[in-house]
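The values are calculated or read from the model by the stated rules, or taken from the named source; none is laboratory data. Computed from a predicted structure; not experimentally measured. Heads up, the Cβs are rebuilt from the backbone with ideal geometry, glycines too, and the neighbour counts pull from every protein chain shown.
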DNA sequence: ACGACTTTGTTCGCGCGTTCACAAGCGGCT
DNA sequence: AGCCGCTTGTGAACGCGCGAACAAAGTCGT
């Protein structure tokens, strides 16, 4: 009875689990103690059957005829995602976006804590955000090593993102969240998750325009 | 010769097309005139065959034995995505994140222009970002109507995001990019694209942790 | 205590997206 | 002009994720 579950959870499911976790926390704050899959699915914007399948990946935790215990489910998802252990993150590029990220309280409650903020501009160095002072780029490697940070966030201009990425990877960071509008090249064993705001907007715009034209198609 | 192509492009392909567009622009700026699929795929971080299939959705545009003409391909993708026409966007919530979005020059070059910045806080109203002044929330509907804005960006705190969303939808906005960590409910015909930074971080952290444990699995 | 209702957990079938592999086509060289 | 090598475009197989339908199970009412 060592490994009752397959150990592999689809990436799409993981992303949804994080959403469920958010919704469950909100429900718990509202005083709810149990939820049905239908209700939770509606709150998360997904299909009820899919939600149950997602939850089945982490073993049975619901009660038939009743639903899920909000607190217990939250606890279990939190454990599976590893959100209970605090993860050290470093953030490079303290512009408006970097400041927003450093300031965002939502990270702390999800198990992420910034242990270093870095910027190349001397005018930014020394500035305090949250309860952390911005440090010069020269301190990057030492901080990563000292804090054993496993996650790096890149919020720099595009033209320096690759070299920042190289330094992070060389320092031992294995996971990188990249907000710069470039595709990063990384060595084997490091994964990058790109978040490109222009891409998001363009997809959105395209879907909107595609939804608008079918009238023309009918005329053909 | 009315509709030589199927008219429907998979959403995943659209997202990648936006990336190709970015890479092509970068290549054009570097003076390149032609690229092979392999080269472009490597620069975009995807499989060469997949890239060719993606490109095939918009008709043949490459030359066999040579590759793709950088400028022509860029032009065609740009046209398909509708990036040539300027789209009016409104942005609600001018905190650090909102300021970062309003300031980001990359949107303009991709066919998006902000026509209104809104914030509930009187202290923010009047502040000028880019070349636009922040306006009070009361002006929201009038601005959307007057500019025929089709895209709304929500960068507000979570607790007001839903009501902002409702107002945008009621005013005629059909596409919404949501940075607030909540799942928005929208009427039929409106689509929302959520960008939740906590979710991104959690997925990244989970993949990293999942990659770290298989050693334990070997012992079993 | 028994029956019926509610809700979970799972299994099946479908459609999509991705990947590999091959044929067609074009340029360059002789 | 003809051949060769390179690259595109497409067809087919594979795998995965998604959605719907069914059986198990537990609770509430009588």
Inset, instruction - Report the residue count in segment B:51-63 for those that are part of a loop (DSSP other than H, G, I, E, B) and either touching a strand residue (DSSP E or B) at 6+ places or on another chain (Cβ under 8 Å) or away from chain A (no Cβ under 14 Å) (or both). - result: 3
Legend entry - Residue in segment A:77-98 that is touching a helix residue (DSSP H, G or I) at 6+ places or on another chain (Cβ under 6 Å) and within 16 Å of DNA strand C (Cβ to nearest atom) present: yes
Inset, instruction - Tally the residues that are in a helix (DSSP H, G or I) and more than 22 Å from residue A:202 (Cβ to Cβ), restricting the search to segment B:162-183. - result: 7
Inset, instruction - Can you tell me which residue among B:113, B:79 is assigned to a strand (DSSP E or B), surrounded by fewer than 19 Cβ atoms within 10 Å (Cβ to Cβ) and more than 7 Å from every other protein chain (Cβ to nearest Cβ)? - result: B:113
Legend entry - Which listed residue is surrounded by 19 or more Cβ atoms within 10 Å (Cβ to Cβ), in contact with a helix residue (DSSP H, G or I) (Cβ under 9 Å, 6 or more places away or on another chain), modelled with pLDDT of 95 or more and in a helix (DSSP H, G or I), from B:144, B:134: B:144
Legend entry - Close pairs (8 angstrom Cβ cut-off, 6 or more residues apart or separate chains): more than 10 Å from chain B (Cβ to nearest Cβ) and under 14 Å from residue A:74 (Cβ atoms) in segment A:22-50, near DNA strand C (Cβ under 8 Å from one of its atoms) and part of a loop (DSSP other than H, G, I, E, B) anywhere: A:34/A:66
Inset, instruction - Starting from residues that are assigned to a helix (DSSP H, G or I) and in contact (Cβ under 8 Å) with a residue 40 or more places away in the chain, keep the ones in segment B:7-21 and report whichever is nearest to residue A:211 (Cα to Cα). - result: B:14
Legend entry - Filter pass, residue B:59 being at pLDDT below 95 and either within 24 Å of residue A:159 (Cα to Cα) or more than 14 Å from DNA strand D (Cβ to nearest atom) (or both): no
Legend entry - Residue under evaluation residue B:188, criteria (1) at the interface with chain A (Cβ under 10 Å from one of its Cβ atoms); (2) at pLDDT below 95; (3) part of a loop (DSSP other than H, G, I, E, B); (4) on the phi < 0 side of the Ramachandran plot, criterion not met: (1)
Inset, instruction - From A:102, A:72, A:41, grab the single residue that is surrounded by fewer than 17 Cβ atoms within 10 Å (Cβ to Cβ) and either within 13 Å of DNA strand C (Cβ to nearest atom) or part of a helix (DSSP H, G or I) (or both). - result: A:72
